[in-house]
Ligand SMILES: Cc1cc2nc3c(=O)[nH]c(=O)nc-3n(C[C@H](O)[C@H](O)[C@H](O)COP(=O)(O)OP(=O)(O)OC[C@H]3O[C@@H](n4cnc5c(N)ncnc54)[C@H](O)[C@@H]3O)c2cc1C
């Protein structure tokens, strides 16, 4: 069913009005677009964004929707290096009133049950999790959910840190900031020892990180069906 829903969504392209962009850190930017009333998504899903103001190769890329539907804005956050792709150069050219196309929302990367969940972010992979924890905060049912967010970034450049800390302060969601693989594995071990294969595991970040954490979980007897992955290529 969710496959059919995705297929329908993919064909539904809409234009989004660009509102503003700002830097989150040295090389990370957030872009905000107007959210039309009939556009909603499950926190954690992504959209396919297309540049329309000029003609470029690879004009469409997937980005997680970093905002929750309840925030009434479409937010995407991305890393832009000193030598950016044409797509990202075009993103930086956006000015108020210009438009971008989005199809979706798509994907099954969202919480479906009340099971204890371990959310594992690597660097820029924090984007879908911001949406997920914002949604839980808005629904005011954070006290009932067992949700642990492990946020690993070897550069210790933690995006949305103030917001995440704020949410952790008034819900039962816990947020742990890590900067080494060793520490990450220790925290994963703690969770798997408690909840074993009854928990749900979500991993988002660069493809290599997502694959290696997934392999680690499986070696800890977590079955594939309890692991959801959002692998970002291009990093
Ligand atoms: C489900 C999903 C969700 C995702 N969510 C996010 C998200 O929230 N945030 C996010 O940042 N990414 C996300 N991604 C990844 C995203 O779609 C891009 O692949 C990623 O941001 C890299 O984009 P890019 O344009 O820099 O990549 P590429 O075009 O792959 O470029 C990679 C690097 O190659 C070099 N390069 C490429 N083209 C040129 C050029 N013409 N000139 C000079 N140098 C060049 C640049 O150094 C560039 O940084 C997601 C992917 C998936 C599948």
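Of all DSSP beta bridges in the chain, what percent run antiparallel (nearest 5)?
55
Could you work out the Kirkwood radius for the chain, taking every pair of different alpha carbons, averaging 1/r and inverting it, reported in Å?
18.3
What is the order of 69, 172, 219, 131, fewest Cβ neighbours within 10 Å to most?
Fewest to most other Cβ atoms nearby, the residues stand as 219, 172, 69, 131.
Can you put 201, 158, 177 in order, fewest other beta carbons within 10 Å first?
Lowest count first: 177, 158, 201.
Please express the shape of the range 117-232 as an equivalent ellipsoid: the semi-axes are the square roots of 5 times the eigenvalues of the C-alpha gyration tensor, given largest first in whole angstrom.
Semi-axes (√(5λ), whole Å): 21, 17, 12.
How long are the semi-axes of the equivalent ellipsoid of the range 167-219, defined as square roots of 5 times the Cα gyration tensor eigenvalues? Whole Å, largest first.
One finds semi-axes of 19, 15, 11 Å for the range 167-219.
If neighbour count is taken as other Cβ atoms inside 10 Å, put 215, 176 in order from fewest to most.
Ascending number of Cβ neighbours within 10 Å: 215, 176.
Quick one: check the C-alpha center-to-center distance for the range 205-235 versus the range 146-180, whole angstrom.
That distance is 19 Å.
What length, rounded to one decimal in nm, is gained on full extension from residue 55 through to residue 182, with 0.36 nm per residue of separation minus their alpha-carbon distance?
Between residue 55 and residue 182, full extension yields an extra 41.3 nm.
Using only the alpha-carbon atoms, how far is helix 207-219 inclined from the longest principal axis of the chain? Give it as 0 to 90 degrees, nearest 10.
Tilt of helix 207-219: around 20 degrees.
To the nearest 500 deg cm²/dmol, what mean residue ellipticity at 222 nm is calculated for the chain from DSSP H runs of n ≥ 4 alone, each contributing -39,500 (n - 2.57), summed and divided by the residues?
Using -39500 (n - 2.57) per qualifying helix, the result is -9000 deg cm²/dmol.
In square nanometres and to one decimal, what's the mean projected area of the convex hull around the Cα atoms of the range 1-127?
Averaged projected area of the range 1-127's Cα convex hull equals 8.7 nm².
Taking only Cα atoms, what is the 0 to 90° angle, nearest 10, from helix 2-11's long axis to the longest principal axis of the chain?
So the helix axis and the longest Cα principal axis differ by about 20 degrees.
With everything on Cα atoms, drop me the angle between helix 127-139 and the longest principal axis of the chain, reported from 0 to 90° to the nearest 10.
For 127-139 against the chain, the angle is about 80 degrees.
Between residue 34 and residue 101, with labels modelled 7 Å along Cα→Cβ, what's the label distance in nm to one decimal, could you check?
Simple spin-label model gives 1.9 nm for this pair.
Read the figures in this text as sums done on the coordinates, not as results from a lab. Computed from a prediction, not measured in an experiment: that's the story for all the values here. Note that we place each Cβ from the backbone using ideal geometry, even for glycine, and neighbour counts take in every protein chain shown.
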